[in-house]
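K.L.:
Submitted below is the structure of interest, expressed as structure tokens.
The values are calculated or read from the model by the stated rules, or taken from the named source; none is laboratory data. Please read all numbers here as calculations on a predicted model, not as lab measurements. All Cβ positions, even for glycine, are placed from backbone atoms using ideal geometry, and neighbour counts span all protein chains on display.
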Ligand SMILES: NC(=O)c1ccc[n+]([C@@H]2O[C@H](COP(=O)([O-])OP(=O)(O)OC[C@H]3O[C@@H](n4cnc5c(N)ncnc54)[C@H](OP(=O)(O)O)[C@@H]3O)[C@@H](O)[C@H]2O)c1
């Protein structure tokens, strides 16, 4: 009932973004399509000074930029910003399946952005078949490890923005998912420093849990954001880090699904899915929630409780945080001190 109420009743109540983003610099990853593109369109319409579309395919990114410009050129805030010559949309390359690309992107943020007000770590994917990228299953690499590597890499620029501009508290939003509730996460019973190995193992419990791999990849992100906030509480931190659940939305996310899975998902989406624009409102709203949302999971633009697995397993959260930090340190020594 909660899911249906959310999709069929709450959707119409999602606030249409209306704040001004004049002067602000905003990055949206995975913004050539789907929720990321719609969030970026809101920011362009509302006059962001600088908008970075972070995409793995530059051609698709430029096509999205042209579309966004064409559909927002006549809005008051965007037009005013453009007349003043203060609005720019840039397309930057970022492949979350390659750590080197994430590192290069992080270095570029540090080198080229004067300020960073809002960062949407939105890029994500569903892989119907087992594959690997870098040293993990692909969804684990893209939706979890690279997402938090990126968060660590952009954090210095966000902290510097808070220090330099009075009254600005930057926000880093992880696009989460209600799907994180769809697993009991049996891999948590693995020995210390072996939870990720269990998650990466396609034959864990005879492969019985592969269908939960996307939920697990999103669950790991919920644990990580809570760990960041536990280590760095809101009152001692200049940046808000939160999670936004956009709800079930029409997008390209299930593009790889086949057979029965594809038909079932299409039918469910046809019946209850939000448009990508409606879902994107939850992401944009997370950027204005402020300090009270630090470490929190937002559902329908309100602070909500994550799954029971998260709430009942604080010790697993701590163990995962140790594993995640060790993984990030192995990729780039010292990077976790950025948090
Ligand atoms: N749609 C839903 O119902 C729903 C519900 C809850 C949460 N979410 C989450 O919302 C976020 C956006 O998904 P969406 O629904 O908008 O799906 P989408 O239309 O498939 O968009 C996903 C975006 O992520 C990008 N991406 C995928 N792998 C990448 C990689 N290795 N490096 C860089 N970018 C990569 C995609 O780029 P390409 O186009 O080049 O592949 C695309 O821009 C995801 O994190 C997803 O888990 C979606």
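K.L.:
Condition first: under 13 Å from the mean Cα position of the chain (by Cα), in a helix (DSSP H, G or I), surrounded by 15 or more Cβ atoms within 10 Å (Cβ to Cβ) and modelled with pLDDT of 95 or more. Can you find one or more residues in region 117-124 that meet it? Quick ask: steps written out before the conclusion?
P.N.:
First, pick out the residues of region 117-124 that are under 13 Å from the mean Cα position of the chain (by Cα): 118-124.
Now drop any that are not in a helix (DSSP H, G or I), which leaves none.
Within region 117-124, not a single residue is under 13 Å from the mean Cα position of the chain (by Cα), in a helix (DSSP H, G or I), surrounded by 15 or more Cβ atoms within 10 Å (Cβ to Cβ) and modelled with pLDDT of 95 or more.
K.L.:
Which residues, counting only those in region 45-62, are buried (at least 16 other Cβ atoms within 10 Å of the Cβ) and within 16 Å of the ligand (Cβ to nearest atom)?
P.N.:
51, 52, 53, 54, 55, 56, 60, 61 - these are the residues of region 45-62 that are buried (at least 16 other Cβ atoms within 10 Å of the Cβ) and within 16 Å of the ligand (Cβ to nearest atom).
K.L.:
Looking at 238, 312, 296, 317 in this structure, which one is out of contact with any helix residue (DSSP H, G or I) (no Cβ under 9 Å at 6 or more places or on another chain) and more than 16 Å from the ligand (Cβ to nearest atom)?
P.N.:
312
K.L.:
Give me a count of the residues in region 142-178 that are in a helix (DSSP H, G or I) and more than 14 Å from the chain's Cα centre (by Cα).
P.N.:
So the answer is 11.
K.L.:
Considering only residues that are surrounded by fewer than 14 Cβ atoms within 10 Å (Cβ to Cβ), touching a residue at least 40 places away in the same chain (Cβ under 8 Å) and assigned to a helix (DSSP H, G or I), which ones fall in region 232-260?
P.N.:
Listed by number, the list holds a single entry, 235.
K.L.:
Could you tell me which of the residues 283, 253, 243 is at pLDDT below 95, within 16 Å of the ligand (Cβ to nearest atom) and within 19 Å of the chain's Cα centre (by Cα)?
P.N.:
When all the criteria are applied, what remains is 253.
K.L.:
From the list 169, 157, which one is away from the ligand (no atom under 16 Å from the Cβ) and crowded, with 18+ Cβ neighbours inside 10 Å?
P.N.:
Just one listed residue meets the conditions, 157.
K.L.:
Moving on to the next point. For region 41-59, how many residues are part of a helix (DSSP H, G or I) and in contact (Cβ under 8 Å) with a residue 40 or more places away in the chain?
P.N.:
The qualifying residues number 4.
K.L.:
Could you say which residue among 12, 6, 31 is closer than 20 Å to residue 250 by Cβ, free of Cβ contacts under 8 Å to residues at least 40 places away in the same chain and either touching a strand residue (DSSP E or B) at 6+ places or on another chain (Cβ under 7 Å) or in a helix (DSSP H, G or I) (or both)?
P.N.:
Exactly one residue qualifies, and that residue is 12.
K.L.:
Here is a further query. Checking residue 289 against (1) assigned to a helix (DSSP H, G or I); (2) more than 30 Å from residue 194 (Cα to Cα); (3) away from the ligand (no atom under 16 Å from the Cβ), which single condition isn't satisfied?
P.N.:
Just one mismatch for residue 289, condition (1).
K.L.:
Pairs under 7 Å by beta carbon, first residue within 11 Å of the ligand (Cβ to nearest atom) in region 128-154, partner assigned to a strand (DSSP E or B), six or more apart or different chains?
P.N.:
138/132; 141/133; 142/133; 147/121; 147/174; 150/121
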